1. Please list Ser73, Ser40 in order of solvent-accessible area, largest first, computed with a 1.4 Å probe with all protein chains present.
2. Please tell me the relative contact order of region 103-257 in percent, rounded to the nearest whole number, where contacts are Cα pairs under 8 Å and at least six residues apart.
3. Roughly how much of Ile209 is accessible, in Å² to the nearest 10, using a 1.4 Å probe?
4. Would you please calculate the Kirkwood hydrodynamic radius of the chain over all C-alpha pairs and express it in Å, rounded to one decimal?
5. Highest mean first, how do 323-334, 308-319 rank when packing is the count of other Cβ atoms within 10 Å averaged over residues?
6. Counting only heavy atoms of protein chains, what accessible area per residue, in Å², does region 254-334 have with a probe of 1.4 Å?
7. Let me spell out the model: positive unit charges on the Cβ of Lys and Arg, negative unit charges on the Cβ of Asp and Glu, origin at the Cα centre of the chain. What dipole size does that give, in debye rounded to 20?
8. Based on the Cβ-Cβ distance of Ser275 and His299, what FRET efficiency does E = 1/(1 + (r/R0)^6) give at R0 = 22 Å, to the nearest 0.05?
Amino acid sequence: MKAEPATLGFAAHVVAWQKTHGRSELPWQNTQDPYRVWLSEVMLQQTQVSTVLGYFARFLERFPDVAALAAGSEDEVFGLWSGLGYYSRARNMHRCAQEVVARFGGAFPRSAAELTTLPGIGRSTASAIAAFCFGERVAILDGNVKRVLTRLLGFDGDMSSGAQERALWDIATQLLPPADQPADIARYTQGVMDLGATVCLPRRPSCMICPVGALCVARREGEPERYPVKTRKLRRTAQSLWMLQADDGADRVWLEKRSARGIWAGLYSLPVFESREALLAVLSPAERAAVVDAPPFLHVLTHKDLHLHPVRVVSEGRSLGEGGAWFAAASWTALGLPAPVRKLLAQQPALDAS
Ligand code: SF4
């Protein structure tokens, strides 16, 4: 590291900049309601602000507070989440709401340490809630903030190492506004988020207009995109899956609820098989003779490329397996479905039943 955090005056610059240039119109800002802050923090993980806006509004309309969310069914939560991806976030969110009600009487705990005991709330999310809603002097360190701080300080430790990440957490804490200025913590937290989201972008950061440009090591070095340093790359794998797209001849489709583990856990899906033979084995001889292989397509997950092979059939309308049912379009559209399944169902015209 090439700069001393304690001497930077970073927090004061960020606080002053946030007042005039930071974001202030987002619907989860200007509130100290931990439910809204938590909801937005979870939705914004891996998802763009522009996408989150609509989901946030729909969630609040249906589940206006944590008690309402806790009382909702998992299927309804998944249905509202549908399209945001990373469904473990939705599952944890639902569990978290239930724990807030069961363990804390429906009020979110006020400290980051207690907040991290809840499902799906990691250290940075806990700190954001505690700083925004309860004024606790704690640091956040999400992906955007890591980028800002490593560049600011010329921190070239490998961020795929736990020890280096812990070192950056310590530095993030040293950079907070002074303890005798508690009023600044919420604005500082917002400011450092805004800086990462609007100025210190992953590619081509706007160093010329950056409020901390004069302090920034990476800018001085002329190569900001070198930070953060991360040497361990994700190892990608690939898998082929066959999906049974069965229609009962009356525009209903067969969907089954997937188990609580593995890919698309807990969502409704077309039945998925590891081979075409395994798929055909659940069909009757007459159905097997009438299958249509639709064009395969690629669906990209974080760690994996899925090569999906839809196999279409007009079924006899019988049960195609445990945990499944026939769904008309009016009902499947409200279910939590994996994105490629939703796309497939929305695109394909019905097969001719004759
Ligand atoms: Fe990021 Fe550039 Fe600002 Fe440094 S000067 S924090 S690299 S935007």
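The values are calculated or read from the model by the stated rules, or taken from the named source; none is laboratory data. Everything numeric in this text was worked out from a predicted model, so none of it was measured. Because the Cβ atoms are built from the backbone with ideal geometry, glycine has one as well, and the counts that use them run over all protein chains shown. Side chains are part of the model used for accessible areas, which takes the heavy atoms of the whole protein and leaves out ligands, DNA and RNA. Shrake-Rupley method; radii C 1.70, N 1.55, O 1.52, S 1.80 Å.
1. Details: Ser73 60, Ser40 0 Å².
Of Ser73, Ser40, the descending order of accessible area is Ser73, Ser40.
2. Values: 159 pairs, mean separation 36.5, N = 155.
Once divided by the residue count of region 103-257, the mean separation gives 24 percent.
3. 120
4. Working: mean 1/r = 0.0437 Å⁻¹.
Evaluated on the chain, it is 22.9 Å.
5. Values: 323-334: 14.8, 308-319: 17.6.
Result, highest mean Cβ count within 10 Å first: 308-319, 323-334.
6. Details: 4100 Å² over 81 residues.
Here the per-residue accessible area is 51 Å².
7. On the way: 39 positive and 35 negative charges, 185 e Å.
It comes to approximately 880 debye.
8. Values: r = 18 Å, r/R0 = 0.81.
Computed FRET efficiency for Ser275 and His299 comes out at 0.75.
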